[in-house]
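The values are calculated or read from the model by the stated rules, or taken from the named source; none is laboratory data. This structure is a prediction, so every number in the text was calculated from the model and none was measured. A quick note on method: Cβ atoms are made from the backbone with ideal geometry, for glycine too, and the neighbour counts reach across all protein chains shown. These area figures cover heavy atoms from the full protein model, side chains too; ligands, DNA and RNA do not enter into them. Shrake-Rupley method; radii C 1.70, N 1.55, O 1.52, S 1.80 Å.
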Amino acid sequence: MAAAVDPAADQNPKDAELHENTAEVDAEFTEDEYDEDEEDDELDGPAAAAAAERERVQAVFRRLSSDPVGIRVHDVIIKGNIKTRDDLIEAEVADLLRAAPTVQDLLRAASVASARLHRLDIFEAVKITLDAGPPELPGTTNVVIEVVEATNPLTGSAGVYSKPEARSWSLEGSLKLKNLFGYGDIWDASGSYGWDQTTEVGVGVYLPRFKSIPTPLMARASLSSQDWQKFSSYKERLLGLSFGLLSTMNHDLSYNLTWRTLTDPSRASSKAIRRQLGHNLLSALKYTYKIDERDSHLRPTKGYAFQSTSQVGGLCDSKGLRFFRQEFDVRGAVPLGFYNAALNIGVGAGVILPLGRGFMNSSSSVSDRFYLGGHSSPVCSLSGLSSLLGFRTRGVGPTEARRLVPKESDSDSAASLGRDYLGGDLAVSAFADLSFDLPLKLFRDAGIHGHAFLTAGNLAKLSEGEYKNFSVSEFQRTFRSSAGVGIILPTTLFRVEVNYCHILKQAEHDSGKTGIQFSFSSPM
């Protein structure tokens, strides 16, 4: 038997292509059937032989469709890998293929194995063929894996991206060098420059497997600068190293070591911000558990998702940066059965607490607190706790007046530059989004659809003894909220929204605005 597995077959045994030189599936295809076919071939000539061959193939399909057919993988043969090591390919797929007890299971396993090898991002093509095993071992098969390595291991990309909520643009680019040492290793360098003076450069390496370590490994060094002067009167510069320690479908564990510098070039920051200016070292362990069973990230119509992120900072006993941060996010999508309509709902919550002696009277780091606001859609990604449509980035929550600075034109007068948004130690947000097809066929064919939404959220300060003043009823009463309708234009890379937002409730110093707003959201 020889069977070639097409990755596009979607794990359906009927879609697997059987080669002309078929062998016995197992001993239950009796020799009498073949003897009868051979007699017909001799009597009726080539046309009858071809018909008999088609009948044998159809018999194999009928057998595969009706009953499980036992089989055992005798050998896994790898071809076409010039640079890539055999043990990398075997570690990715060999155990999966050898564990299949039937032909049907083996075809499904071969389809999954092909997808795994494609995900390594180092092969242009992958073909898996099931061939007959040795004649002396009936009921066995050899699995032949043929790969085509990328002809050009160096790839790059560049683009200009807009951030409407921040009224800024950024130029971003990246280079990747794939499979340099044959371990499936991917070396990358990336950089971005924002018109708002936000810059970032980074280099890293990713190993899908290394020797006996079953989980991918990652290491990355980065230097970034973020400008938060419009919102919180400080600039942040980060020089860091990150190491991926565990990465599976549902679990992710990483360690980050970052030298952080906060500055205030304007010298107009509030007292709360000024107390945190300067240098500090962040040593943190971060664990993420994630389940995402939604049918789409850009437009979910059914399924559910859950993500829990835990972070412990201050492993090197860095003063002022010892904290515990926990975040939860739950999503659900329910189809409604008309106009391809679906209701998406989500709830997110997070808390950050300082650690150490007298921790409840200590201050949490302003960079690690939670912030609400911005125009990114809460539907796409699971990291949507910060999104609150209709409000400016960091435009919700506790604030403090900035320092009064003298005007250059008149030394006797002074002017306030507004207020600094300080973030919160406790954050809760929720949303409901009803998506539906538009009546025009032109829009439906292009995937353009409409939606109506309701978002709500609130922040509270718990550190520096403020937990004593916290009231659940007051926290519920001061929830900010907005509602609106819009049109969504999905693309292969991101989701574009044109929304009309109406602010339902906001506090005195919140930065919310009723009107037309644009949103660019990525599901990554």
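Report yes if some residue within the stretch 231-240 is in contact (Cβ under 8 Å) with a residue 40 or more places away in the chain, out of contact with any Cys (no Cβ under 8 Å at 6 or more places or on another chain) and hydrophobic (A, V, I, L, M, F, W, C); otherwise report no.
yes
With respect to the numbered conditions (1) charged (D, E, K, R); (2) assigned to a strand (DSSP E or B); (3) loosely packed, with under 14 Cβ neighbours inside 10 Å, which one is the sole condition not fulfilled by GLU236?
Against the list (1) charged (D, E, K, R); (2) assigned to a strand (DSSP E or B); (3) loosely packed, with under 14 Cβ neighbours inside 10 Å, GLU236 comes up short only on (3).
Being over 30 Å from ASP437 (Cβ atoms), assigned to a loop (DSSP other than H, G, I, E, B) and open to solvent by less than 50 Å² (accessible area, probe 1.4 Å) is the filter here; which residues of the stretch 267-296 pass it?
First, pick out the residues of the stretch 267-296 that are over 30 Å from ASP437 (Cβ atoms): 267-289.
Restricting the remaining residues to those that are assigned to a loop (DSSP other than H, G, I, E, B) gives 267-270, 275-277.
Once the filter is applied, which keeps residues that are over 30 Å from ASP437 (Cβ atoms), assigned to a loop (DSSP other than H, G, I, E, B) and open to solvent by less than 50 Å² (accessible area, probe 1.4 Å), the stretch 267-296 yields ALA268, SER269, SER270, GLN276.
Residue pairs, Cβ under 9 Å, 6 or more apart or interchain, first in the stretch 72-97 and under 17 Å from ALA115 (Cβ atoms), second open to solvent by 60 Å² or more (accessible area, probe 1.4 Å) and of a type outside the set (D, E, K, R). List them.
As it stands, the answer is ALA91/SER212; ALA91/PRO214, since those pairs meet every condition given.
Just checking, does the stretch 346-361 include any residue being under 27 Å from ILE448 (Cα atoms) and assigned to a strand (DSSP E or B)?
yes
Select, from LEU207, LEU241, LEU245, LEU217, the only residue that is open to solvent by less than 70 Å² (accessible area, probe 1.4 Å), within 25 Å of CYS316 (Cβ to Cβ) and hydrophobic (A, V, I, L, M, F, W, C). Full working, then the answer.
Working: LEU207 fails: within 25 Å of CYS316 (Cβ to Cβ); LEU241 fails: open to solvent by less than 70 Å² (accessible area, probe 1.4 Å); LEU245 fails: open to solvent by less than 70 Å² (accessible area, probe 1.4 Å).
The unique qualifying residue is LEU217.
Test of understanding: among SER363, SER377, SER381, SER387, which residue is surrounded by fewer than 24 Cβ atoms within 10 Å (Cβ to Cβ) and under 26 Å from the mean Cα position of the chain (by Cα)? Talk me through it step by step, then tell me what you get.
Working: SER363 fails: under 26 Å from the mean Cα position of the chain (by Cα); SER377 fails: surrounded by fewer than 24 Cβ atoms within 10 Å (Cβ to Cβ); SER387 fails: surrounded by fewer than 24 Cβ atoms within 10 Å (Cβ to Cβ).
Just one listed residue meets the conditions, SER381.
Out of all the residues in the stretch 354-368, which are at pLDDT below 90 and among the hydrophobic types (A, V, I, L, M, F, W, C)?
Correct list: LEU355, PHE359, MET360.
Count, please, the residues in the stretch 467-482 that happen to be outside any loop (DSSP other than H, G, I, E, B) and either on the phi > 0 side of the Ramachandran plot or open to solvent by less than 70 Å² (accessible area, probe 1.4 Å) (or both). Let's see the steps before the verdict.
To start, the set of residues in the stretch 467-482 that are outside any loop (DSSP other than H, G, I, E, B) comprises 467-469, 472-477, 480-482.
Imposing the further condition that a residue be either on the phi > 0 side of the Ramachandran plot or open to solvent by less than 70 Å² (accessible area, probe 1.4 Å) (or both) reduces the set to 475, 480-482.
Residues in the stretch 467-482 being outside any loop (DSSP other than H, G, I, E, B) and either on the phi > 0 side of the Ramachandran plot or open to solvent by less than 70 Å² (accessible area, probe 1.4 Å) (or both): 4 in total.
Any residue in the stretch 354-378 that is within 17 Å of GLN276 (Cα to Cα) and among the β-branched types (Val, Ile, Thr) sitting within a Cβ distance under 8 Å of a residue that is open to solvent by 10 Å² or more (accessible area, probe 1.4 Å) and part of a loop (DSSP other than H, G, I, E, B)? List the pairs, counting only those 6 or more apart or interchain.
VAL366/GLN276; VAL366/LEU422
Among the residues in the stretch 449-465, are any within 28 Å of the chain's Cα centre (by Cα), of a type outside the set (Gly, Ala, Ser), assigned to a strand (DSSP E or B) and under 30 Å from MET360 (Cβ atoms)?
Narrowing the stretch 449-465 to residues within 28 Å of the chain's Cα centre (by Cα): 449-459.
This time we only want the ones that are of a type outside the set (Gly, Ala, Ser), so: 449, 451, 453-455, 458-459.
This time we only want the ones that are assigned to a strand (DSSP E or B), so: 449, 451, 453-455, 458-459.
Pick out the ones that are also under 30 Å from MET360 (Cβ atoms) and you get 458-459.
Looking for residues that are within 28 Å of the chain's Cα centre (by Cα), of a type outside the set (Gly, Ala, Ser), assigned to a strand (DSSP E or B) and under 30 Å from MET360 (Cβ atoms), one finds at least one in the stretch 449-465, hence yes.
Residues of the stretch 103-162 being within 30 Å of THR198 (Cβ to Cβ) and in a strand (DSSP E or B), which ones? Show your work before the answer.
At the first step, the residues of the stretch 103-162 found to be within 30 Å of THR198 (Cβ to Cβ) are 121, 154-162.
Selection gives LEU154, THR155, GLY156, SER157, ALA158, GLY159, VAL160, TYR161, SER162.
Hey, can you tell me all the residues within the stretch 313-326 that are in contact (Cβ under 8 Å) with a residue 40 or more places away in the chain, open to solvent by 40 Å² or more (accessible area, probe 1.4 Å) and either part of a strand (DSSP E or B) or more than 25 Å from THR261 (Cα to Cα) (or both)?
ARG325
Can you find even one residue in the stretch 426-449 that is within 23 Å of LYS302 (Cβ to Cβ), surrounded by 16 or more Cβ atoms within 10 Å (Cβ to Cβ) and free of Cβ contacts under 8 Å to residues at least 40 places away in the same chain?
No: the stretch 426-449 contains no residue that is within 23 Å of LYS302 (Cβ to Cβ), surrounded by 16 or more Cβ atoms within 10 Å (Cβ to Cβ) and free of Cβ contacts under 8 Å to residues at least 40 places away in the same chain.
Being farther than 24 Å from ALA219 by Cβ, open to solvent by 60 Å² or more (accessible area, probe 1.4 Å) and either touching a residue at least 40 places away in the same chain (Cβ under 8 Å) or more than 18 Å from the chain's Cα centre (by Cα) (or both) is the requirement here; does ARG299 meet it?
Working: farther than 24 Å from ALA219 by Cβ: yes; open to solvent by 60 Å² or more (accessible area, probe 1.4 Å): no; either touching a residue at least 40 places away in the same chain (Cβ under 8 Å) or more than 18 Å from the chain's Cα centre (by Cα) (or both): yes.
No, not satisfied.
Does ARG444 satisfy the condition of being out of contact with any Lys or Arg (no Cβ under 8 Å at 6 or more places or on another chain) and modelled with pLDDT of 85 or more? Lay out the reasoning, then the answer.
On the way: out of contact with any Lys or Arg (no Cβ under 8 Å at 6 or more places or on another chain): yes; modelled with pLDDT of 85 or more: yes.
Here the answer is yes, as ARG444 does meet what is asked.
Check whether at least one residue in the stretch 170-179 is modelled with pLDDT of 90 or more, outside any loop (DSSP other than H, G, I, E, B) and either of a type in the set (A, V, I, L, M, F, W, C) or in contact with a Gly (Cβ under 6 Å, 6 or more places away or on another chain) (or both), and report yes or no. Show your work before the answer.
Applying the first criterion (modelled with pLDDT of 90 or more) to the stretch 170-179 yields 175-179.
Subset that is outside any loop (DSSP other than H, G, I, E, B): 175-178.
Still in the running and either of a type in the set (A, V, I, L, M, F, W, C) or in contact with a Gly (Cβ under 6 Å, 6 or more places away or on another chain) (or both): 175, 177.
Within the stretch 170-179 (the criterion being modelled with pLDDT of 90 or more, outside any loop (DSSP other than H, G, I, E, B) and either of a type in the set (A, V, I, L, M, F, W, C) or in contact with a Gly (Cβ under 6 Å, 6 or more places away or on another chain) (or both)), the answer is yes, since at least one residue qualifies.
Can you tell me which residues in the stretch 248-266 are within 21 Å of TYR421 (Cβ to Cβ), open to solvent by less than 50 Å² (accessible area, probe 1.4 Å) and free of Cβ contacts under 8 Å to residues at least 60 places away in the same chain?
THR261, ASP264
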